[in-house]
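The values are calculated or read from the model by the stated rules, or taken from the named source; none is laboratory data. Note that the structure is a prediction, hence the values are computed from the model and not measured. When we count neighbours, we look across all protein chains shown, and the Cβ atoms used for this are built from the backbone with ideal geometry, even at glycine. Just the protein is used for accessible areas: all its heavy atoms, side chains included, with ligands, DNA and RNA removed. Shrake-Rupley method; radii C 1.70, N 1.55, O 1.52, S 1.80 Å.
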Amino acid sequence: QVQLVESGGGLVQAGGSLRLSCVASGRTFSSISMGWFRQAPGKEREFVAAITWSDVSTYYADSVKGRFTISRDNAKNTVNLQMNSLKPDDTGNYYCAAAGPKAGLRLRESYNYWGQGTQVTVSS
């Protein structure tokens, strides 16, 4: 079992920045690949970014590449998402997720555990 708790969401104007954090507990965090997804009202949950446990490779959705940065601190069991140059289209509930053994970190079905989410609202 893995428990995930997100924080850092809020209301920000377009062009602003937010930093989301996710604290994990219950398993050896350093051996788990982690991801961030988001869901806007009326839309499906979509991939945002992921980071592997092994070589710390990172992956991003095209819509956030160059603006968002995912990182992890294994000593603190934390994965972060730095979001810069925010746009109204970035609005949604952001979820942290812990991956299982399946390949494909861009896919929802590759993740076994999810946090409750943190709301991000970007005003124009």
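Evaluate the following for ILE32: is it open to solvent by less than 80 Å² (accessible area, probe 1.4 Å), in contact with a Phe, Trp or Tyr (Cβ under 8 Å, 6 or more places away or on another chain), of a type in the set (A, V, I, L, M, F, W, C) and modelled with pLDDT under 95?
When the stated conditions are applied, ILE32 passes them.
Would you point out the residue of the stretch 1-10, among those that are open to solvent by 30 Å² or more (accessible area, probe 1.4 Å) and not in a strand (DSSP E or B), that is modelled with the lowest pLDDT?
GLN1
Before we move on, is GLN13 surrounded by fewer than 20 Cβ atoms within 10 Å (Cβ to Cβ), more than 11 Å from the chain's Cα centre (by Cα) and within 12 Å of ALA97 (Cα to Cα)?
Criteria not met by GLN13.
Applying the selection to the stretch 28-46, what residues are in contact (Cβ under 8 Å) with a residue 60 or more places away in the chain and more than 17 Å from GLN82 (Cβ to Cβ)?
Matches in the stretch 28-46: ILE32, SER33, GLN39, ARG45.
Which count do you get for residues in the stretch 60-105 that are in a loop (DSSP other than H, G, I, E, B) and either of a type in the set (Lys, Arg) or open to solvent by 40 Å² or more (accessible area, probe 1.4 Å) (or both)?
12
Read through the list (1) within 16 Å of VAL5 (Cβ to Cβ); (2) among the polar types (S, T, N, Q); (3) assigned to a helix (DSSP H, G or I), then give the number of the only condition that SER30 fails.
Result: SER30 fails condition (1) only.
I need the full set of residues from the stretch 35-59 which are open to solvent by less than 50 Å² (accessible area, probe 1.4 Å) and either over 17 Å from TYR95 (Cα atoms) or part of a loop (DSSP other than H, G, I, E, B) (or both), in order please.
ALA40, THR52, SER57
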